[in-house]
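Working notes, beginning with the structure itself.
The values are calculated or read from the model by the stated rules, or taken from the named source; none is laboratory data. Not measured: the values here are computed from a predicted model. When we count neighbours, we look across all protein chains shown, and the Cβ atoms used for this are built from the backbone with ideal geometry, even at glycine.
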Amino acid sequence: MNPENKSLLRRIFVKEPWENIASAVIIIGVVMLLQPYLMVLYTYSFNFILGGTLTFLIVSHFPSGKS
Amino acid sequence: MSFTNFYANKPGMEIKFVGLKNYIKILNKEDIWETMQATAHFMFWTLLLQALIGLGLALLLNKKFKGNEILTTIIVLPMMLSPAVVAVFWTYIYQPQTGIFNYMINFFYDFGEFTMIGDVQLAPWSIVLVDTWMWTPFTMLICLAGLKSIPNYLYEAAEVDRANKFQQFLHITLPSVLPFLLLALLFRGIENFKMFDLVVELTGGGPGSTTEVASINLKREAFEKWRTGYSSAFAVIMFVTIFGLGNIWVKVMNKIKDK
């Protein structure tokens, strides 16, 4: 892999923004799970929570953008 | 197990793979949705009250005054008791005829005879009150540890800069104590999401199903209806939710600590 591609991948797969996205998905899922208004939101809540949690686990192994 | 139709009370029964059927059933059942709402109500109010009262008490006990140590000991006593014991004696306190709770409320305003545990409107608040009473000292202790770790020279420097007490609280005390408070709330949030013993002893999920939190429903499915596969799926949903939230809390806490 040439150095340019490597640096592009390093810029895309940075831990912090991906972790923020995963956290937001988990929070949306939990709100959907616990809200008392729409049954349909409750039905799809676990998809969000599971997706967010798995994403979080994966992206937390990405290199940090701070270093 | 959560992908099967396993029944623990039917050992000879053929175990079939049912795929995501158990999960789909749980996520389309209105009863379980209602238990999630009861859990949300319980969690939200207990965490809010425990954070506010716990921080307030920690600020109070951080001051030097006579009897500070003995007061701290008295305040942390409820935390040392077993939740089952606490629930049993709070049922006596909540007794409409003989309980001290009704007497105290009627001392301030005459509501007449009312029942906390038996009333649909009041029962959810009765468990919030007991959990807050029992676990606020935990939040308080952790916040107190945070307050004790703040070096005094920060306040001295703030006074030199003519910062008033409120500004000192906002810019020194609160940021320093926030990671500790979040840590306490993380523990309490996880614990309250799966709260079982206190609620089952105090109200048993009633009246009706107003205080039936998710873990009580889970226990009923697993050990009264013996739907082991189904209840395993429910347990997985609860675990993943707690795990996801736990990850976020740890991340937030590290961020605050770095600052």
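The C-beta contact set for segment A:20-32 (first residue closer than 10 Å to A:F56 by Cβ, second residue surrounded by 14 or more Cβ atoms within 10 Å (Cβ to Cβ) and among the polar types (S, T, N, Q), distance under 7 angstrom, 6+ apart or interchain) comprises A:A22/A:T55; A:V25/A:T55; A:I26/A:T53. Considering each residue of segment B:11-27 in turn, at least one proves to be surrounded by fewer than 19 Cβ atoms within 10 Å (Cβ to Cβ), within 12 Å of chain A (Cβ to nearest Cβ) and either in contact (Cβ under 8 Å) with a residue 24 or more places away in the chain or in contact with a Lys or Arg (Cβ under 8 Å, 6 or more places away or on another chain) (or both). Of the residues making up segment B:141-191, those that are over 31 Å from the mean Cα position of the chain (by Cα) and among the aromatic types (F, W, Y) are B:Y153, B:Y155. Across segment A:36-60, the qualifying residues are those that are more than 7 Å from chain B (Cβ to nearest Cβ), within 9 Å of the chain's Cα centre (by Cα) and not hydrophobic (A, V, I, L, M, F, W, C), and the one among them that is farthest from B:T210 (Cα to Cα) is A:T55. Residues in segment B:171-183 that are modelled with pLDDT of 90 or more and either among the β-branched types (V, I, T) or surrounded by 19 or more Cβ atoms within 10 Å (Cβ to Cβ) (or both): B:I172, B:T173, B:V177, B:L181. Of all residues in segment A:11-35, those being more than 17 Å from B:W249 (Cα to Cα) and either out of contact with any Ser or Thr (no Cβ under 8 Å at 6 or more places or on another chain) or at the interface with another protein chain (Cβ under 7 Å from one of its Cβ atoms) (or both) number 6.
Taken over segment B:221-249, the criterion of being surrounded by fewer than 16 Cβ atoms within 10 Å (Cβ to Cβ) and either at pLDDT below 85 or over 19 Å from B:L186 (Cα atoms) (or both) is satisfied by B:F223, B:E224, B:K225, B:W226. Anything in segment A:1-60 that is assigned to a helix (DSSP H, G or I), in contact with a Lys or Arg (Cβ under 8 Å, 6 or more places away or on another chain) and not charged (D, E, K, R)? List them, or say none. The answer is A:S23, A:V59. Considering only residues in segment B:56-71 that are within 26 Å of B:L170 (Cβ to Cβ) and without any contact (Cβ under 8 Å) to a residue 40 or more places away in the chain, the one that is surrounded by the fewest Cβ atoms within 10 Å (Cβ to Cβ) turns out to be B:K64. Just one of the numbered conditions (1) surrounded by fewer than 16 Cβ atoms within 10 Å (Cβ to Cβ); (2) at pLDDT 95 or above is not true of A:L50: (1).
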